[in-house]
Amino acid sequence: MEPQAGLRVLLCLALCGLGGARGVWSSGNQEWKKLIMVHHWPTTVCMEVGNSCSAPPDYWTIHGLWPDKSEECNRSWHFNPEEIKDLLPDMKMYWPDLLHSSRNRSLHFWRHEWEKHGTCAAQLDALNSQKKYFGKSLGLYKDLALNSILQKLGIKPSNNSYQISDIKDALVSVYGVAPKVQCLPPKSGEELQTLGQIELCFTKDLQLRNCTDPGEPAPRRWALWPARAAATSLGLEVCEDGPAFYPPPKRPTTGA
């Protein structure tokens, strides 16, 4: 009996130890079907939060790479900036914290993206480490080249408006799949919605696919920035058909 009891103890310890392993995800349905590559327009981010920002980029930057229908899949797998130190130059340029220029705040943003989304994306072998997740996200961003594609299509920040259908059709002509385009609704006294976010979606094999399936329920409203998910934030919605404002970057003022 004693050998059997010892075996049971060892088996229990082994199974209990697996609970904190990186390959084990939290209970519940964490299945997802697609990855969403989320680009946001810095000028709109700054407008939405009522923050002038400090010289925001004049190009589309990464908000995140998000599996649909799952979040925080492994709360024991904490963000470790040492694992992405080789990626930091590209992270700072293409995946910046737009509202805070300090390095510590950028780390906070990247931590949020890893712990909320990356731990779920890590179910794929191609994304199963922090370096792979952030590195592949940067790679997809560069391959999509959304900023230069929009410019080549003649869709540039302007004080004039664009039809949302024209933006979507132009992107379909290049990528061959339907994106999701999100806007800030007009505030009181405003006439136009404001272009804020463009999503391009991938299969689990990292092939482009349509972002919306036939019969898919209406998407929830997204907070444009993690720290501003309070009720006071308008948040983003799928753009209404019709005109939208694609705001040009504000030029920094200089002293006399």
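Some notes on this structure:
- Criterion violated by Glu113 - all others in (1) surrounded by 15 or more Cβ atoms within 10 Å (Cβ to Cβ); (2) modelled with pLDDT under 95; (3) charged (D, E, K, R) satisfied: (2)
- Some residue of segment 50-59 being among the polar types (S, T, N, Q), loosely packed, with under 15 Cβ neighbours inside 10 Å, out of contact with any Gly (no Cβ under 9 Å at 6 or more places or on another chain) and over 23 Å from Leu195 (Cα atoms): no
- Subset of segment 90-110 (residues that are modelled with pLDDT of 95 or more and of a type outside the set (A, V, I, L, M, F, W, C)): Asp90, Tyr94
- Of the residues in segment 66-74, none is under 28 Å from Ser158 (Cβ atoms) and either modelled with pLDDT of 90 or more or in contact with a strand residue (DSSP E or B) (Cβ under 8 Å, 6 or more places away or on another chain) (or both).
- Residue tally, condition in a loop (DSSP other than H, G, I, E, B) and within 14 Å of the chain's Cα centre (by Cα), over segment 32-69: 5
- Being under 19 Å from Gln197 (Cα atoms) and surrounded by 15 or more Cβ atoms within 10 Å (Cβ to Cβ) holds for only one residue in Ala145, Ala170, and it is Ala170.
- Hey, Gln151 at pLDDT 95 or above and in contact with an Asp or Glu (Cβ under 6 Å, 6 or more places away or on another chain) or not: no
- Taken over segment 72-100, residues that are surrounded by 15 or more Cβ atoms within 10 Å (Cβ to Cβ), in contact (Cβ under 8 Å) with a residue 24 or more places away in the chain, out of contact with any Asp or Glu (no Cβ under 9 Å at 6 or more places or on another chain) and assigned to a loop (DSSP other than H, G, I, E, B) amount to 4.
The values are calculated or read from the model by the stated rules, or taken from the named source; none is laboratory data. This one's a predicted model, so the numbers in the text were calculated from it and none came from an experiment. Note that we place each Cβ from the backbone using ideal geometry, even for glycine, and neighbour counts take in every protein chain shown.
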